[in-house]
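Student: Take a look at the following structure, please.
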Amino acid sequence: MNDIRLAFRLCRRHPVMSLAAVLSLALGIGANTAIFTVLNGSILRPLPYQDPDRLMVVWETTTGNSRRSVAPGNFIDWRAAGSFEGLAAFDEFAATHTGHGEPERLRAVSASANFFELLGVRAAVGRVTTASEDRAGAEPVAVLSDGLWHRLFAASPGAVGQPLILNGITYTIAGVLPEDFSMPMAAGVEVWVTGDRGVPRSVLTPGDITSIRDSHYISVVGRLAPGASRERAQAELTSVMTDLSARYPNTNAGLGVSVMPLHEEIVGNVRPLVLLLQIAVALLLLIACANVAHLLLGQAAGRRAEMSLRIALGAERGRLVRQLLAETLVVAVPGGVLGLALAAAGIRTLVAAAPATLPRLGEIALDGTVLLFTLGMTLATALVFGLGPALQAAGTSANALAQIGQRLTGSRGVRRWHQAIVVIELALAQMLLVGAGLLLVSFVQATRIDLGFASEGRLAAELSLAPDRYLASVDAEGRIDPARKIRFINDVIDRLSGRPGIRAVAASFTAPLTGAPNRGMRIEGDPVPQANDQSNGDFQLVTPDYFRAMGITLVAGRAFSTADRANTAPVVIINRALADRYFKGRDPIGRVLLFGGSRRHEIVGVAANARYRSIERPADATFYVPLEQNDERWPSVSFVVWADASSAGGPAAALREWRAGASAPAAVLREEIHGADPLQPISRIRSFDDILSQSMAPRRFNTWLVGVFAATALLLAAIGTYGVMAFAVASRTKELGLRAALGASPRDLVGMVLGQGLTLTMAATVLGLGAATLVTRFMASMLFGIAPRDPWTFVAVAGLLTSVAIAATLLPARRAMRVNPVTALKDA
């Protein structure tokens, strides 16, 4: 207690220094705590399921795609595998809910009935679905999320047993999931429903859904049997796929399988980012500690006379070390407490700004683990920045007592410590700046990609067609009469085409950068694909004016026209990626594409590549089929409207005006869709610019966050550099005065100080760039369009660091110009 009381007195004696130390540590500890909270919530904490280590995700694989969605028929064959206690399939879809007021769109998942049993999840009210409801002819059952239960039924237990109509199908509500239930692979889902004999009923395809092998759209999770390993399951399913490849060569040739832990599937993509951020804030904390060490080293050097007197009076060195460490704790503990408060605010900001792709967002919160981490960080930083000055001060000998009153702060040993610390600070800042620079260049590169379509003036309206009106079966095979669906889509297009300011209107399956169905296909006349080389492509149903409305260039052949109808010869347009992959120099025009069993379509055109999945992912092989030449039960429709960009301020402004209730292209789009069918819900209306912005959100978030940490580190390093050079000038006043007295000009003195600063900066640059060269190779998966060791980025960062270090040195250097030789010599 005596040590602590003395430490508080010293803090009151030097309030500015103490406050600076506390704030520096609070910044470093707060940033570390915030990022560790994200790391703990997203990655480290086990999944909230029973025996989560036994949960696996199973994907199909093809050449170049190790995570392909699964075909229902293959999933059914996998369920016999003895390595698994159970397998369940699920797929998210947009459901039109009727029966409770106006029709509305819900985020729904159709899943095998054993899905919740497999995860080990129980209902909060009622029950979850059970494996028995996977039998043929079982009554459709739904399980509500806690949020939907509150919204539709005001949290009444009487909701259990009530009907719920989704897409024209009546489900019986079996129960309500716990409030904290989450499935990161299907985040934000409001209702879970059973499928057809264990196969999700999200895509209404004709025929027996359990035998479909050329449509790949479901995800599969499984629980390993007791004693079974991931490797055993992988080997068993690989054997199954080999057998299926031989039995069904048209659909399964070249397909493989991948078994991976569910935890790895959920956190794998985000782990590099979070670990990078944790490294970044750890470096930031080290820089903050280095700044505090500057202050304490200077203070310790000024107290050598005091320490000499204590030793002369019989104080043990261990006693002095304890005293000085107590003083650092008095600074570190308030820094830790304030850091925890900053972390709490930072976590709220991070969660609010984080992209939806960050897994387990709802589980990110301060908890006991985080508090222990903060406590550990506080104690560790106290040792890091306090032990060096304590050992230095305790190393003072009693003989130094005779030097009381002399200027000892300029001793060579103290200056070396300060110089070493500032070199480390600048090197750490350099590492952070290199990482931020690489991410910034990646972001800029991503914004310059030719996406293959135009975004200016475009709006997209995404719908999920009401099955009871547009997708009703007309025969035992599940086929539909597409006439009503086609009339609705054409009606919307005709209505919009007649409105002023609308240049083109078209429809397709999906909007750009939102994905596309992928299905097996092959070229008529070509040999059956060999192993690991199954033909497949993304698939779009489009209306005749689609390519013009999207701004997609036709590079060969012809576009679709209104003459391409159900009663004319089936045609198809492929993109350049499909032509390059499967024709390899041959002319594709006139060849026949086979898909969906016996469907034959003649290739009449080749379109430029357009990206449907990701800005940063090259365009996949894609083929386009006229809407009127397809009678399959695809429920998704996306209308694209090319509006006059000069009207209503362009599409982005139009969207804002629509939300405000003003007349704009987006409002016109909504009006005409409801004019064609007042009961058809609209999932969302967005400008293409909004779609692009949302697609770039994860990279923009990464760049912004690392950039903030790097800028903060650079600022702290600049402050540290200024402190060191100011200390150097103050401690060398006598030397500078002698040089001035002997004829040194002010420019000579400034050059000497700047030269010292540049020497330290060059040493830090060499050290920092060398360390960055080793560290940035682990960032390769986060970069786009730039190498981890891009020389221009390294050179630019070195230049920036040098400029900042010179700026931080200039003020102390100018102070050296004003040294009065007479005063300096008199003080000496």
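Student: So if I take the centroid of the Cα atoms in segment 566-596 and the same for segment 197-257, what is the distance between those two points in Å?
Tutor: What the calculation gives is 28 Å, centre to centre.
Student: Read phi for every residue in segment 340-349 and hand back ³J(HN,Hα) as whole Hz from Karplus 6.51 cos²θ - 1.76 cosθ + 1.60, θ = phi - 60°, with x for Gly and Pro.
Tutor: 5, 5, 5, 5, 4, 5, x, 5, 4, 5
Student: Right, something else. Using the crude model of +1 on Lys and Arg Cβ and -1 on Asp and Glu Cβ, and no other charge, please compute the dipole size for segment 150-256 relative to its Cα centre, in debye to 20. Walk me through the intermediate numbers first.
Tutor: Numbers: 8 positive and 9 negative charges, 21 e Å.
Dipole size: approximately 100 debye.
Student: Once each part is reduced to its C-alpha centroid, what is the distance from segment 53-102 to segment 739-809 in angstrom?
Tutor: 53
Student: Taking a ≥ b ≥ c as the square roots of the eigenvalues of the Cα gyration tensor of segment 1-119, is the shape rounded (a/c under 1.5), prolate (a/b larger than b/c) or oblate?
Tutor: Prolate, since a/c reaches 1.5 and a/b exceeds b/c.
Student: Using the Karplus equation 6.51 cos²θ - 1.76 cosθ + 1.60 (θ = phi - 60°), what ³J(HN,Hα) coupling, rounded to whole Hz, does each residue of segment 116-122 give in order, writing x for Gly and Pro?
Tutor: After applying 6.51 cos²θ - 1.76 cosθ + 1.60, I find 6, 4, 5, 6, x, 9, 10 Hz.
Student: I've got another one for you. Would you mind pulling out the separation of the Cα centroids of segment 427-474 and segment 622-637, in Å?
Tutor: What the calculation gives is 24 Å, centre to centre.
Student: Turning to a different aspect of this structure: So for segment 110-177, taking the charge dipole from beta-carbon charges (+1 Lys/Arg, -1 Asp/Glu), which of W149, T130, G120 sits furthest toward the positive end?
Tutor: Going by the Cα projections, it comes out as W149.
Student: Please get the size of the charge dipole for segment 1-98, origin at its Cα centre, with Cβ charges of +1 on Lys and Arg and -1 on Asp and Glu, quoted in debye to the nearest 20.
Tutor: 940
Student: Using modelled amide H (1.01 Å from N, peptide plane; none on Pro or chain starts), what sits under 5 Å from the amide H of Q680, excluding residues fewer than 5 places away?
Tutor: For Q680, whose amide H was placed from the backbone, there are no distant partners under 5 Å.
Student: Kindly sort E133, E671 by accessible area of their heavy atoms, largest first, with the probe set to 1.4 Å.
Tutor: Putting E133, E671 in descending order of accessible area: E671, E133.
Student: Considering only protein heavy atoms, what per residue accessible area in square angstrom results for segment 1-147 with a 1.4 angstrom probe? The partial results should precede the final answer.
Tutor: Numbers: 5970 Å² over 147 residues.
Result: 41 Å² of accessible area for each residue.
Student: Right, something else. For segment 491-505, take each phi angle, set θ = phi - 60°, evaluate the Karplus expression 6.51 cos²θ - 1.76 cosθ + 1.60, and give the result in whole Hz per residue in order, putting x for glycine and proline.
Tutor: 5, 4, 4, 5, 4, 6, 5, x, 8, x, x, 9, 8, 7, 9
Student: Next question, about the same structure. Indicate the gyration tensor shape class of segment 488-624 (rounded, prolate or oblate), computed on the Cα atoms with a ≥ b ≥ c the square roots of the eigenvalues: a/c under 1.5 is rounded; otherwise a/b larger than b/c is prolate and the rest oblate.
Tutor: Prolate shape, in that a/c is at least 1.5 and a/b is the bigger ratio.
Student: Then there is this: Mean shadow of segment 417-472, computed from the convex hull of its alpha carbons, in nm²?
Tutor: Over every viewing direction, the Cα hull of segment 417-472 projects on average to 8.6 nm².
Student: Still on this structure, I have one more. Over segment 539-600, how many percent of alpha carbon pairs lie in each 5 Å bin up to the one with the longest distance?
Tutor: 3, 14, 25, 28, 20, 10, 1
Student: For V125, list long-range residues whose amide hydrogen, built 1.01 Å from N in the peptide plane, is under 5 Å from its own amide hydrogen.
Tutor: V176
The values are calculated or read from the model by the stated rules, or taken from the named source; none is laboratory data. None of these values were measured; they are calculated from a predicted model. Cβ: placed from backbone, ideal geometry, glycine included. Neighbour counts: every protein chain shown. Heads up: the accessible areas ignore ligands, DNA and RNA and are worked out on the full protein's heavy atoms, side chains in. Shrake-Rupley method; radii C 1.70, N 1.55, O 1.52, S 1.80 Å.
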